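Chemist: Let me give you the structure first, and then I'll get to my questions.
The values are calculated or read from the model by the stated rules, or taken from the named source; none is laboratory data. Quick caveat: nothing in here was measured; it's all calculated off a predicted structure. Backbone-built Cβ (ideal geometry, glycine too); neighbour counts: all protein chains shown. All accessible areas refer to the heavy atoms of the entire protein, side chains included, with ligands and DNA or RNA removed. Shrake-Rupley method; radii C 1.70, N 1.55, O 1.52, S 1.80 Å.
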Amino acid sequence: EMEKAEMHDSKEDPRMFQKGRPEYQSLSYNKFELIEALPLEEGDLILHSITTVRKDTQSPETITDYFRKLSCLPVEQHAVLRSDPRFNRLCSCAVESIQLFSTSELIDILKAFVRLVVPPTHPMLNAYENEFCRRVWDMNLDQLLLVADYWRCLDRSVPSYLSILFSYANMHWKDLTLPQFVQLVYIIGEGRKSPADLMQKLESLILKYLDSFTPEEVGTICLGLFKSVSGISDHIMRKIGDRVSLQMEDMSSYALVNVLKMLRYARLDHLPLLRQLGKVVPPRIPMINIQGIMHIALTCSSLHYYDEDILAAVAMSLPSKVTYCRSKDAAKFLWSFGCLDYEPPNEERFYSGLIEQMHRKLHEFEKFPEHLLTGLLGLAFVQRFPADLIDYALSDEFVQKTRESKYELRKDLFTLGKSVEIECPGYKGSRLPPQLYEELTEMVLNFAEQEIYVRPEIVEAVSLLESMLGGPEYVKSHMLLPHTRSSDLEVHLAMDGHPIPFNLKDATAGKKLKVIGVNLTEDLLTRLIKGRCIGQSPAEVENGAKAHGQERAEEAQAPCAGGRAAFSHGASVTGAGMKVWPKSQRFLDSPLSSVLNQQPREVKLAIQVSNRNHYCYCSKRLLGLHSLKRRQLRQLGYVVVELPFWEWFPLLKRTRLEKLSYLHYKVFNPAL
């Protein structure tokens, strides 16, 4: 019973909507239609008559009637009939006079072929496909959709016929009834073809019929759009989301999963739907088959939506179902949980079961190498590195398979290979060739130059840090870990908390830039904490700070210069004002002091200018890749300093002085 429940019928499951309205009977094949079985003796008489009568004397009506009756033989006799020479003679006779048949007769014959499960590659079907293509413009829309449905039931690909059908629908789209429209979208999805001009018109029909669709029909619309890779406007998808969020409890789990597929494809953050999902789905998880559960988990990870109730329900149900996972399912589960950086309550059982299933499905990765990398990256995010699977994934044999894939997998190999180098010092297995690392590093860095380093939030942070620290030699904007595909702002601090110049290359290039650092005087600190003096404008406050800029820059470049008296509270007198340094100079109490004692020369900061895409949706929870990056930076000896988007982005609109004060706090506060 469990095995039956876990089996997904990719042909029949999408057709469940056709039971919802009687109108679908004229548009689709009904495998549950009650028919009177033909006795074997009568079937044998029909076959005998075929051999005793000349071919050219058989009328189209008679031939059609023979096919109708023979298709009513008991199912166990169908294979015998298909291999009977007399049946082949009947098929040959029909093909020879195919143009003499009426359209309705040809449709009846095609229906008989569906009942008899004629192989989709049978040569005679070519003649029927060509004839139906020739007759399209003489058929009505019900007939066109019915024939398309029969071809689907035969598992035969008929791109030419579908192309003409879509052209017909494009001309008559305004006349489509609701059942015709839903059946058409189903056919579009099963044909994996999306006619762009037609899809634009069908959007308006979605809006027209949206309130009248049954919940199952909503699922069918979403599945058809998803399978045909049809992009629809956010407006339409939001309308669908609105409808589903209100009626989710009335939807079957299959229809709901189809909606989630399209939501994922559209990358739409429909919060009411997602919140309702967290209420409706967890109790259903044990009754949903493994592929459906996978799509639920994948939707959450693709939309970066963290819902602990959903993830916990998935994790608890998975161990008993894990042997039904395809390689794709196992990989997507690992990716989803790793992407959201979620540790399930049954963590060891959850991961051990999935890793064992990956081993059992190892042969499938030869055909689908992307799934192995997907799963291993998901494991790497949560610091799990199965050595034997990694050894295979980084082998020359597997790397060659990735080159033959239709997907770009080199970046995934790059992330996996470098992560193993950093986090698994004892690993003795296969490694990627150095030349490949060089190529991928260059590719990633070229992309960063064009797309990442030039982002306003990063450019502003670099400029202000250079001003605050004393010049471009004190900060470097680059990728410390190119395999994690995000940038870092690197700063070095001495034992006493002073910045150390290290970026001599960029400093030489920008030598002519004017340094405008800020000296934090007691008066300025008072104003920052308590607000500016009455009657003093923001510009006057900022200009007052700029007056000491050159002096601050000189100190930063010569942190050990004399003429300064140190105070126990962390301040130092510097002529005109008081220079405030961080508590990192008070080694006894500072959280940073242990790091400084271990590394007596300097502390390397890796400043992270993050954005929303680094975190779970509507959350301050880092995604798996970015947690991995920070973990690896710490393992390499860096102190990670965060400029989270919810703090830094609003500051971009504030005064220069406020931004400098914030950065000073972030760089020099040892508690961070």
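Chemist: Consider all pairwise Cα distances in region 1-113 and report the whole-number % of them above 16 Å.
Modeler: Working: 4187 of 6328 pairs.
Of the Cα pairs, 66 percent sit more than 16 Å apart.
Chemist: Something else about it: Counting only protein heavy atoms and a 1.4 Å probe, tell me what percentage of region 151-310's accessible area is made up of carbon and sulfur. Don't skip to the end; give the middle numbers.
Modeler: Numbers: 3030 of 6040 Å².
Carbon with sulfur: 50 percent of the solvent-accessible area.
Chemist: Using a probe radius of 1.4 Å on heavy atoms only, what accessible surface per residue do you get for region 58-161? Whole Å² is fine.
Modeler: Using a 1.4 Å probe on heavy atoms only, each residue of region 58-161 averages 41 Å².
Chemist: Does region 603-672 come out rounded, prolate or oblate, given a ≥ b ≥ c as the square roots of the eigenvalues of its C-alpha gyration tensor, rounded meaning a/c under 1.5 and, failing that, prolate meaning a/b above b/c?
Modeler: oblate
Chemist: Can you tell me the mean projection area, over all orientations, of the convex hull of region 407-476's alpha carbons? Units nm², please.
Modeler: The directionally averaged projection comes out at 7.0 nm².
Chemist: Taking the Cα-to-Cβ direction at D269 and at S320 and moving 7 Å from each Cα, how far apart do the two end points lie in nm?
Modeler: 3.7
Chemist: Right, something else. Given the C-alpha centroids of region 637-669 and region 292-366, what is the distance between them in whole angstrom?
Modeler: Region 637-669 and region 292-366 have Cα centres spaced 37 Å from each other.
Chemist: If you don't mind, another one. So how much slack lies between S167 and E404, counting 0.36 nm per residue of separation and subtracting their Cα-Cα distance, in nm?
Modeler: 81.8 nm is the gain from fully extending S167 to E404.
Chemist: How would you order 417-425, 334-342 from highest to lowest mean count of nearby Cβ atoms within 10 Å? Numbers along the way, then the final one.
Modeler: Numbers: 417-425: 17.2, 334-342: 24.7.
The packing order, highest mean first, is 334-342, 417-425.
Chemist: Of K208/K261; K111/K227; K11/K332; K261/K321; K332/K604, which sit over 27 Å apart, Cα to Cα?
Modeler: In this structure, K332/K604 lie more than 27 Å apart at Cα.
Chemist: Still on this structure: With every protein chain left in place and a probe of 1.4 Å, what is the accessible surface of L622, to the nearest 10 Å²?
Modeler: 30
Chemist: Separation of region 472-491 and region 382-416 by C-alpha centroid, Å?
Modeler: A separation of 26 Å, based on Cα centres.
Chemist: On average, how much accessible surface per residue is there in region 274-378, in Å², for a 1.4 Å probe, leaving out ligands, DNA and RNA?
Modeler: With the other protein chains kept in place, region 274-378 gives 36 Å² per residue.
Chemist: With r as the distance between the Cβ atoms of N613 and D234 and R0 = 22 Å, compute the FRET efficiency 1/(1 + (r/R0)^6) and round to 0.05.
Modeler: It comes to 0.80.
Chemist: Report, in listed order, any pair from K401/K505; K193/K629; K505/K629; K174/K328; K328/K411; K328/K666 with a Cα-Cα distance greater than 31 Å.
Modeler: Check vs 31 Å cut-off fails for K401/K505; K193/K629; K174/K328; K328/K666.
Chemist: Right, another one. I'd like to check one number: the per residue accessible area of region 443-495, probe 1.4 Å, reported in Å² as a whole number. Please list the in-between numbers first.
Modeler: Numbers: 1780 Å² over 53 residues.
In whole numbers, region 443-495 has 34 Å² accessible per residue.
Chemist: Another question, if that's okay. Could you put V459, V147 in order of accessible surface area, largest first, with the 1.4 Å probe and the full protein assembly present? Let's see the in-between values first.
Modeler: Working: V459 75, V147 0 Å².
Listed by decreasing accessible area, they come as V459, V147.
Chemist: Multiply the residue separation of F385 and E203 by 0.36 nm, subtract the distance between their alpha-carbon atoms, and state the gained length in nm to one decimal. List each step's numbers first, then the result.
Modeler: On the way: separation 182, 0.36 × 182 = 65.52 nm, distance 4.59 nm.
Contour length minus the Cα-Cα distance gives 60.9 nm.
Chemist: Set the Förster radius R0 to 25 Å, insert the Cβ-Cβ distance between L81 and K31 as r into 1/(1 + (r/R0)^6), and round the FRET efficiency to 0.05.
Modeler: 0.90
Chemist: Given all pairs of different Cα atoms, what value in angstroms does the Kirkwood hydrodynamic radius of region 192-247 take? Display every interim value, and only then the final one.
Modeler: On the way: mean 1/r = 0.0869 Å⁻¹.
Roughly 11.5 Å, rounded to one decimal.
Chemist: Please report the base-10 log of the normalised intensity I(q)/I(0) for region 96-252, using a Debye sum with one equal scatterer per alpha carbon and no solvent, at each q in 0.08, 0.12, 0.18 (1/Å).
Modeler: The Cα Debye sum returns log10 ratios of -0.26, -0.55, -1.07.
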